[in-house]
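Structure record follows, encoded as structure tokens.
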Amino acid sequence: MARLFTYGKLNRHATIAGGNHLPGTYYGAWGIQYAAGAYNTTPDNAIEFGEVVEIVQSNDKAYGVKRATSALTLATAAITLRDIVGVQTQTIGTVEGPGTSKAFSVIPASAPTGWSVVVVLAASQTPAVAGLVYVGTATSVATVAGAIYTTDVGTECVALTGWTFGGTKFTPTNGVGICAVITKL
Amino acid sequence: MSVIKYDSNYTFNDAMKSAEAKKVSLVEFITASEKMIEDPRFPGFLDAQTKALHSARKIENVEFRDGAEAVFPYNGFTVLDLNIRRPLFNTFAMKHVPHIYGGGAVETDKGFFMNYAIQKGRLASGNNNKVNLVKANVETLEAPILPITLGLFVGQIDLMKAQTIGYDVIGVEGEAVRYSYQIELDKFAFVGHRGIDGGTTDVTGMARGLINMVAGDATISDIETSTLYTLTHKKFQTMTTAELVDVFVGEYNAFAANVVYQQDKLPNKWLLYPSLFGALTKPAYLTSAGTVFKSHLEYLEAQISVLSKKYGGPEIMFDLLPYLAPIAELGNFDTLLSEDGTNDTGRTILYRQDPYVMRTRLALDLTPGALVYDPANNGMRRNYVSFIGVPLVFYPGIVRYVDNGTTTGE
């Protein structure tokens, strides 16, 4: 896994508040959060925690989602939450995403919400607090599907309208993966 | 104590068996035998058996023989010291690397680390419901465990001949196995799986030991390129007292900062190599004309001790590990164990010897199989097996390599 976020070892210190949250983690709570159970409609294309995915169906059982494509819109975007899950093939490190054919939680980006969540930043992104949030669609090689950008890179990103960065980037592990908090006011 | 003449049929084994039959220790049996010869008041004084012993013994101020010397002839004009001297031997793994035991025939040593995603307190008001949330994350760490085997073989005729002279050949070869095993422990503990591929270099992704970890798992502070200090001399052996204090205290401080000054994570050991110990025993001085009252080493020890006390940390023990010396100074140790730092001028290691922070697992200590007759080879064989792990570092970067520089400034 680790297509979006490159995990290393967890930070060994717990001395800086807000520096150790992993992608997909709730960072702040405000009002009612709309999170739904979901399943991956393309199980062989694994989803990571903190990844923005594309909702392809919604029925009375669950949301069906898959990795973001060029068809992604604000209405179909959803953020994958870090559930507590087990893994079968883990060797070293921490859990990076839901298992194949397992249920997981997503927040539809279009849903009314005030909660903050940690998402995966694409490489070299430097968000500013209150900055706009864009999602890569991998329409070209310029962007990575499901990763977060600070600008509309390659004019192929989808703006998560209403969402803004709640803080600057941080690295919760000693890997190169960077993440940031986004929130919807 | 006396010895038994070379042509006597009375051997160590005889004495041992007699002692066992009487349910006394060997020393008690021999002492009693001596009294039977020399003390008329002692029961059994010069009886038939005692006379046989008396006639067999040769008065020398040496100890009882243990067999192997009977291989070599000597005559009545020879004064023979029958103590068997053993080889010079030393290993360091058990002294410097925490080991825990248990597990058996396994292949992975696994452990966990947990960290808290802590939060900033948010302003609260009478009816607010906006709250910052914390989280806890867990990760696994693991280290491989490998089995090794060693064995001994003694030919049947060799065994019969050894028994003839009371020489415990299987016992001494068993000891050779244990020596071999101790060196294996040093390799696993200090350089991990180096050499298992037949080479002598470390391979990317290879399991490492205490002294050859990669940057990240260990913190490598290269004195030659360090920006922490302004040094004229970057080689320990040529540093002034002030420069040595600068570096040693600076490294301690950097270590302490890395563990956020948590007292039970502060270091307790600093491994140095022999020639550096030697260099540090040179006189400390304030100026070239200053009065000598202590060596560099004594002064450094005193200052580091003061510092660690102020931080609430344990005493730092400066200890010896020859594997860290420049390879030319390694001496009579396996070069596979050499790790002389970034500049090949020697490495020192500041760390906390504490199984909470880092330890290796000895899943199965050296375990002998049965001593069995091998008809195909007409001899006795015994194989040994052990399952050995490598150091599992729960806090990456907590082991600090302080690598010697090359600039002598002279």
(Q) Can you list residues from other chains, or at least 5 along the same chain, whose modelled amide H is less than 5 Å from the amide H of B:Gly151? (A) B:Tyr384
Q.
Can you give me the long-range amide H partners of B:Arg359? Hydrogens built in the peptide plane at 1.01 Å from N, cutoff under 5 Å, separation of 5 or more residues or another chain.
A. B:Leu392, B:Phe394
Q | the range A:1-106, Cα convex hull volume normalised per residue, Å³ | A | 127 Å³
Q: Please give the FRET efficiency for B:Asp319 paired with A:Ala14, using the beta carbon to beta carbon distance and R0 = 35 Å, rounded to the nearest 0.05.
A: 0.65
(Q) Against the empirical 2.2 N^0.38 Å scaling, what ratio does the C-alpha Rg of the range A:26-184 come to? (A) 0.97
Q: State, as an integer percentage, the relative contact order of the range A:26-184 based on alpha-carbon contacts under 8 Å between residues 6 or more apart.
A: 25 percent
**Q.** Taking all pairs of distinct alpha-carbon atoms in the range B:328-410, Kirkwood radius in angstrom
**A.** 17.2 Å
Q: May I ask which of A:Lys184/B:Lys130; A:Lys9/A:Lys169; B:Lys95/B:Lys282 have a Cα-Cα span longer than 21 Å here?
A: B:Lys95/B:Lys282
Q | Per-residue ³J(HN,Hα) for the range B:71-82, Karplus 6.51 cos²θ - 1.76 cosθ + 1.60, θ = phi - 60°, Hz, x for Gly and Pro | A | 5, 9, x, 8, 10, x, 9, 9, 9, 10, 8, 8
Q.
With bins 20 Å wide starting at 0, give me the P(r) of chain B over every alpha carbon pair, in whole percents.
A. 20, 37, 29, 12, 2, 0
Q | Karplus-derived 3J(HN,Hα), 6.51/-1.76/1.60, for each residue of the range B:264-276, Hz, glycine and proline x | A | 7, 10, 5, x, 10, 8, 10, 8, 10, 9, x, 5, 6
**Q.** Sequence-separation-based contact order of chain B, relative, with Cα cut under 8 Å and 6+ spacing, percent
**A.** 21 percent
**Q.** Dipole-positive endmost among A:Ile107, A:Tyr134, A:Ala68 within the range A:66-185 (Cβ charges, Cα centre)
**A.** A:Ile107
Q | Gain on full stretching of the segment that runs from B:Ala215 to B:Ala328 - 0.36 nm per residue minus C-alpha separation | A | 38.2 nm
Q.
Using a 7 Å offset from the Cα along the Cα-to-Cβ direction at both B:Thr408 and B:Glu20, what is the distance between the two label points in nm, to one decimal?
A. 6.3 nm
Q. So how do B:Glu173, B:Glu329 rank on accessible area, 1.4 Å probe, biggest first, that is with the largest at the start?
A. B:Glu329, B:Glu173
Q: Show the residues, 5+ positions off or on another chain, whose built amide H is closer than 5 Å to the amide H of B:Tyr285.
A: B:Thr241
Q. Taking the Cβ of B:His96 as the center, what net charge do the other residues with Cβ under 11 Å away carry, scoring Lys and Arg +1 and Asp and Glu -1?
A. 0
**Q.** Segment B:Gln163-B:Asn128, extension gain: residue separation times 0.36 nm, minus the distance between their alpha carbons
**A.** 3.6 nm
Q. So what are the ³J(HN,Hα) numbers for the range A:24-40, from phi and the Karplus equation (6.51, -1.76, 1.60; θ = phi - 60°), rounded to whole Hz, Gly and Pro as x?
A. x, 8, 5, 9, x, 10, 8, x, 8, 9, 9, 10, 10, x, 9, 9, 8
(Q) Classify the range B:283-367 from the C-alpha gyration tensor, please: rounded if a/c falls under 1.5, else prolate or oblate depending on whether a/b exceeds b/c. (A) oblate
Q) Of all the C-alpha pairs in the protein assembly as shown, what % are more than 45 Å from each other? A) 44 percent
Q: Calculate the spin-label point distance for B:Ser180 paired with A:Ile84, positioning each point 7 Å from the Cα along the beta-carbon direction, and give it in nanometres.
A: 5.0 nm
Q: Sequence neighbours fewer than 8 away in the same chain don't count; with that in mind, list the lysines whose C-alpha is under 25 Å from B:Lys310.
A: B:Lys265, B:Lys269, B:Lys294
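The values are calculated or read from the model by the stated rules, or taken from the named source; none is laboratory data. Being a predicted model, the structure only gives us computed values, none of them experimental. Glycine gets a Cβ as well: all are built from the backbone with ideal geometry, and neighbour counts include every protein chain shown. All accessible areas refer to the heavy atoms of the entire protein, side chains included, with ligands and DNA or RNA removed. Shrake-Rupley method; radii C 1.70, N 1.55, O 1.52, S 1.80 Å.
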